[in-house]
Amino acid sequence: MLSVKYGSDVPRAMADLLEHHARRAGLSLDALEVIGASLDFVEAFIVASEDEKVPEFLARVGLGAPRGKVELARWQARRLFGVRA
């Protein structure tokens, strides 16, 4: 079973809600850990999710995927295989 390390200020109920929204958005575990490290990030992500603005939030915090096909393929290769394409 995988586990995510959350910040000490993130209550379990908020972590559960974060995980719910993260699953719906298809977030990676790495992104989930970055967001879960801070209660401020957790709250901001939940609000963005409920406002259907997850891509904007992820781009703002540097976790979003690039838009172009080639850039997206390179980004995915780096994430999956550590390849510098």
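The values are calculated or read from the model by the stated rules, or taken from the named source; none is laboratory data. None of these values were measured; they are calculated from a predicted model. For neighbour counting, all protein chains shown are included, and Cβ atoms are generated from backbone atoms with ideal geometry for every residue, glycine included.
If I ask for residues that are hydroxyl-bearing (S, T, Y) and touching a helix residue (DSSP H, G or I) at 6+ places or on another chain (Cβ under 8 Å), which ones from segment 1-54 would you list? Lay out the reasoning, then the answer.
To start, the set of residues in segment 1-54 that are hydroxyl-bearing (S, T, Y) comprises 3, 6, 8, 28, 38, 49.
If the condition is that a residue be hydroxyl-bearing (S, T, Y) and touching a helix residue (DSSP H, G or I) at 6+ places or on another chain (Cβ under 8 Å), then Y6, S28, S49 are the ones that fit.
Mind checking which residues of segment 43-58 are more than 10 Å from the chain's Cα centre (by Cα) and surrounded by 19 or more Cβ atoms within 10 Å (Cβ to Cβ)?
Taking segment 43-58 as the starting set, the residues that turn out to be more than 10 Å from the chain's Cα centre (by Cα) are 43-44, 46-53, 56.
Within segment 43-58, A48, S49 meet the criteria.
Would you pick out the residues in segment 24-59 that are out of contact with any Phe, Trp or Tyr (no Cβ under 7 Å at 6 or more places or on another chain), of a type in the set (G, A, S), in contact (Cβ under 8 Å) with a residue 12 or more places away in the chain and part of a helix (DSSP H, G or I)?
Scanning segment 24-59 gives A25, A31, S49.
Exactly one of these conditions fails for L27: (1) among the aliphatic types (A, V, I, L, M); (2) at pLDDT below 80; (3) surrounded by 14 or more Cβ atoms within 10 Å (Cβ to Cβ). Give me its number.
Failed condition: (2).
Looking only at residues that are loosely packed, with under 12 Cβ neighbours inside 10 Å and either touching a Phe, Trp or Tyr at 6+ places or on another chain (Cβ under 9 Å) or not small (G, A, S) (or both) in segment 9-19, which one is nearest to L80 (Cα to Cα)? Break it down stepwise before answering.
Kept after step one, since they are loosely packed, with under 12 Cβ neighbours inside 10 Å, are these residues of segment 9-19: 9, 11-13, 16.
Narrowing further to those that are either touching a Phe, Trp or Tyr at 6+ places or on another chain (Cβ under 9 Å) or not small (G, A, S) (or both): 9, 11-12, 16.
Values: D9: 30, P11: 30, R12: 29, D16: 26 Å.
Residue satisfying both the conditions and the ranking: D16.
Enumerate the pairs (first residue in segment 7-23 and without any contact (Cβ under 8 Å) to a residue 60 or more places away in the chain; second residue anywhere and buried (at least 18 other Cβ atoms within 10 Å of the Cβ) and in a loop (DSSP other than H, G, I, E, B)) with beta-carbon separation below 8 Å, excluding pairs fewer than 6 apart on the same chain, so at least 6 apart or on different chains.
The qualifying pairs are A15/Y6; L18/V10.
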